[in-house]
């Protein structure tokens, strides 16, 4: 994915690839590496994007390298995005009607739920959940210490229990619950247990050269792969340059001209081939045709 010149930082595009929607987010020019683990801002922006486009199978942060998160990780973020919208738009947790019955706790509950839902949930869902559980524990203890019935605090507890119940269904919470005992509030290392990016080269920043620079020396040579796939890698160092040059000689570069002609002929045949309905119904037959 190549973003056009002038594309705003943090903007995204959704591309259809292999029957799935892939969200590419532009971090070219950002001051830090995009990380769901280290950055609450990156997590919040990503969840906001998923509120707009929830049908995403994979997310790729585009920078000097591409940082790709697969469906299992994206699904957990989509659940958080859905919960945020659900609590605000359907449950209306922060509305006057919802908090009308908490009486003396109205101001406290309104400020607390606003902070949890509108700030903490998108930036740090684990912290938001732990604060909810902590508030629930506090109010239950406060209720037990009071004499007689107090409807206001009982209603507040019911709302807290309901919201905690919604959080309990999040895949992110389910996966990380066993790690809560060692969790320190605000420590984002806990997210490293579930968010792992596949780091791939961004070929926008890759340049091919036809010749090896003359003012260079060989630092190292080695081969990769085996048999007919064996390729030679040579590492060069140029004078007064800190970056090394990697020169790859793949096996197809060693083919004779008549072999290249055969490959081009075969490629053209495959391009022109239009599979019939019968071939689509019989994948094994299709494999044999192309073989």
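Regarding residue 148, is this residue more than 22 Å from the chain's Cα centre (by Cα) and either on the phi > 0 side of the Ramachandran plot or not assigned by TED's automatic domain parsing to the domain that holds residue 76 (or both)? So residue 148 passes the test.
Of the candidates 87, 132, 160, the single residue that is touching a residue at least 60 places away in the same chain (Cβ under 8 Å), buried (at least 20 other Cβ atoms within 10 Å of the Cβ) and assigned to a helix (DSSP H, G or I) is 87.
Across the range 28-56, the qualifying residues are those that are under 17 Å from residue 200 (Cβ atoms) and modelled with pLDDT of 95 or more, and the one among them that is surrounded by the fewest Cβ atoms within 10 Å (Cβ to Cβ) is 35. In the range 228-251, the residues that are over 19 Å from residue 201 (Cα atoms) reach residues that are in a helix (DSSP H, G or I) and modelled with pLDDT of 85 or more with C-beta atoms within less than 7 angstrom, at least six apart or across chains, in these pairs: 251/229.
The values are calculated or read from the model by the stated rules, or taken from the named source; none is laboratory data. The structure presented is a predicted model; accordingly, all values stated were derived computationally and were not measured. Cβ sites come from the backbone with ideal geometry, for glycine too, and all protein chains shown count toward neighbours.
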